[in-house]
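Peer 1: My structure is below; once you've seen it, I'll send some questions.
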Amino acid sequence: MISISHIDHIVLTVRHIPTTLEFYAHVLGMNAIQFGDSRIALKFGNQKINLHESGKEFEPRSQTPTPGSADMCLITHDAIDQAMDYIRSCKVDVVEGPVRRTGATGELLSFYIRDPDLNLIEISNQL
């Protein structure tokens with residue numbers, strides 16, 4: 001048996017990489033990076049989200065890559081009320097929240113938004 005320690009990166013299939021980069025950089029403060037053979041990712045903390053454009057995915061890939069099928073939770077150090085105010089100032093609708101949820105290491109206070117591909121993004125404080 002092996003022992004997994006953490007997630008290094010995930011892959012997000014999107015309709016249009018420049019639109020995704022703008023949203024995640026401007027709204028969520030992530031940094032766009034280029035790596036390998038002209039590949040693009042969003043970097044934050046010790047993690048990254050590799051981007052595949054729909055119809056132009058890199059191999060190997062998921063069996064059925066689909067824009068808008070992701071549901072992920074991101075932890076912020078900012079107070080939830082401040083984070084929600086900032087998100088709204090970016091003209092992004094809050095889908096739900098704040099609500100209490102259970103995360104990987106304990107209780108969360110969260111709210112939800114959607115990115116340009118309609119992926120569900122949970123933004124949370126650890127309680």
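Peer 1: Looking at region 9-126 only, what percent of DSSP beta bridges run antiparallel? Nearest 5 please.
Peer 2: Restricted to region 9-126, the bridges split so that about 65 percent are antiparallel.
Peer 1: A further question follows. Quick one: length gained pulling residue 94 to residue 11 fully straight, 0.36 nm per residue minus the C-alpha distance?
Peer 2: 27.5 nm
Peer 1: Compute the relative contact order of the chain as a whole-number percentage, counting only Cα pairs closer than 8 Å that sit 6 or more residues apart in sequence.
Peer 2: 23
Peer 1: For region 83-117, which trypsin sites (Lys or Arg not before Pro) pass both filters: DSSP loop (anything but H, G, I, E, B) and at most 11 other C-beta atoms within 10 Å?
Peer 2: 91
Peer 1: With angles folded into 0 to 90 degrees, how steeply does helix 17-26 sit against the dominant principal axis of the chain? Use alpha carbons for both and round to 10.
Peer 2: For helix 17-26, the angle is close to 30 degrees.
Peer 1: Nothing charged except the Cβ atoms of Lys and Arg (+1) and of Asp and Glu (-1): what's the magnitude of the dipole of the chain about its Cα centre? Round to the nearest 20 debye.
Peer 2: 120
Peer 1: Here's something else I'd like to know. What three numbers, in Å, describe the spread of the alpha carbons of region 1-90 along their principal axes, ordered from the longest?
Peer 2: 40, 37, 24
Coordinate-derived values only; no laboratory data. Since the structure is predicted, the reported quantities are computational estimates derived from the model, not experimental observations. Virtual Cβ from ideal backbone geometry, glycine too; neighbours counted across all protein chains shown.
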